[in-house]
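First comes the structure, then the notes that go with it.
The values are calculated or read from the model by the stated rules, or taken from the named source; none is laboratory data. None of these values were measured; they are calculated from a predicted model. In this analysis, Cβ positions are derived from the backbone assuming ideal geometry, glycine residues included, and neighbour counts consider all displayed protein chains. Keep in mind that these areas ignore ligands, DNA and RNA; they rest on the heavy atoms of the full protein, side chains included. Shrake-Rupley method; radii C 1.70, N 1.55, O 1.52, S 1.80 Å.
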Amino acid sequence: MSHSYTLPSQVQLLPATPQLKGLMTIIRAKDTTRSDFIFYADRIIRLLVEEGLNHLPCIGKNVETPTGATYNGIDFEGRICGVSIMRAGEAMEQGLRECCRSVRIGKILIQRDEETHQPKLFYAKLPKDIDSRYVLLLDPMLATGGSAMQAVQVLLDNNVREDRIIFLNLIASPEGIENFVAKYPKVKIVAGEVDNNLDSNKYIVPGVGDFGCRYFGTD
Ligand code: URA
């Protein structure tokens, strides 16, 4: 998406390659079938996870190759886990598992309170040792940032270090980014694209509509 908005330094966008643009074009089209939506969203998710993993610390590691020569490589340091913000974030769990075998994945359910209209925590189940891990926080759409900010607060309350949270989303809004970064400046955001704005129903525009409904086949 072309935007004149200057991204804060905490936000890392996926490279705007023709591949990414093509995948985004498919998932954004309103007539895309559910099967295609899942397949192509999964491909973007995989790119996001791979990019997210680039933000983990690493140290030098030399290995000997079959030619007898030395390859100056690296090894990743620090353990990770995933935390998905239910329900749409669950769509990103498989992509994380494909990159990180048997990764631990916690879940957080936040919904809008009918009376106060504020996001409210309903459920959280996290790995016991989450305070010693880097956390890949999963939610495909960063709209207002309300749920994501509440989810980060849950992680901080469980003694996760703010600078060890990497938040992955396919599409973000400038408003969501601004709200989020103002409150949690040490969290790294990795996003596929940044869109223009939110509509009166707080959907991202142009966006994809309701990501969870399109992915899981519900209304
Ligand atoms: N959640 C969605 O699924 N879509 C949006 O546009 C915003 C939040």
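How high is the relative contact order of segment 11-216, in percent, with contacts defined as C-alpha pairs under 8 Å that are six or more residues apart? Walk me through the numbers on the way to the answer.
Numbers: 386 pairs, mean separation 44.4, N = 206.
22 percent.
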| query | Not counting the cut sites, what is the longest span of the chain without trypsin sites (Lys or Arg not before Pro) that DSSP labels loop and that have at most 12 other Cβ atoms within 10 Å? | reply | 31-100
| remark: Inter-part gap, Cα centre of segment 188-208 to Cα centre of segment 123-171, in whole angstrom, is 19
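Computing the accessible area with a 1.4 Å probe over protein heavy atoms, can you report the carbon and sulfur percentage for segment 11-216?
Heavy-atom surface of segment 11-216 belonging to carbon and sulfur, 1.4 Å probe: 49 percent.
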| Sequence-separation-based contact order of segment 40-152, relative, with Cα cut under 8 Å and 6+ spacing, percent | 26
| Roughly how many Å² is the accessible area per residue of segment 56-98, as a whole number, for a 1.4 Å probe? | 59
| query | So what is the calculated 222 nm ellipticity per residue for the chain, using -39500 (n - 2.57) for each DSSP H run with n of 4 or more, over all residues, to the nearest 500 deg cm²/dmol? | reply | -9000 deg cm²/dmol
| Counting DSSP beta bridges with both ends in segment 11-216, the antiparallel % (nearest 5) | 35
